[in-house]
Amino acid sequence: MAPGRTVPWCCWEEWQLVKSWLLSQSHSNIRRGIRRVEAWRARGRVPLGVDITASLLETALCDPAFWGQAAASAATAAAAPAGTGPAAASSVSQQQIRLQYSATIVRMVNGIADSQQKGRVALSVNSHLMSVVM
């Protein structure tokens, strides 16, 4: 019997645990879930929905408009690279946050459009989405 498909998570329980972390109201659990998805990315291909969810949550943790100023500052400080400190972490501008959201949404749209490509010649995202809409 041939082995099953290789996935980056070790078991279904880990998958469920990460889901609960990402959908949690606790910032520490969300960060824990994001770190686990980052580990999965290093191990192999992560499903688009999981990848995009983690990316959006990572951006949202730094967004004062999403969580409130105090929570976003704490989340940004916790997510800052080692040695940068809270002062550097709080310098994330609204422009940077908007760009992160935009890049994630573009990745999502392209990922969905790419998964729907059929045939030898790939359609542009615009052409493909127009055919879906009509």
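The values are calculated or read from the model by the stated rules, or taken from the named source; none is laboratory data. Please read these numbers as outputs of a predicted model, since none were measured by experiment. We place every Cβ from the backbone using ideal geometry, glycine too, and count neighbours over all the protein chains shown.
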Open item on the list: Restricting to the stretch 95-119, name every residue that is hydroxyl-bearing (Ser, Thr, Tyr) and either surrounded by fewer than 12 Cβ atoms within 10 Å (Cβ to Cβ) or not in a helix (DSSP H, G or I) (or both).
Closed with: SER102, SER115
Open item on the list: Among the residues that make up the stretch 39-55, is at least one of them in the same structural domain as ILE105 (by TED's automatic domain parsing) and of a type in the set (Ser, Thr, Tyr)?
Closed with: yes
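Out of curiosity, is ARG41 of a type outside the set (A, V, I, L, M, F, W, C), within 22 Å of ASN110 (Cα to Cα) and in a loop (DSSP other than H, G, I, E, B)? Walk me through how you get there before you give the answer.
On the way: of a type outside the set (A, V, I, L, M, F, W, C): yes; within 22 Å of ASN110 (Cα to Cα): yes; in a loop (DSSP other than H, G, I, E, B): no.
No; evaluated as a whole, the condition is false for this residue.
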TODO: Consider only pairs whose beta carbons are under 6 Å apart and that are at least six residues apart or on different chains; among these, list those whose first residue lies in the stretch 24-53 and is charged (D, E, K, R) and whose second residue is assigned to a helix (DSSP H, G or I).
DONE: ARG32/TRP21; ARG36/VAL18
Task: Unmet criterion (only one of (1) more than 18 Å from the chain's Cα centre (by Cα); (2) at pLDDT 80 or above) for GLY111 - done: (1)
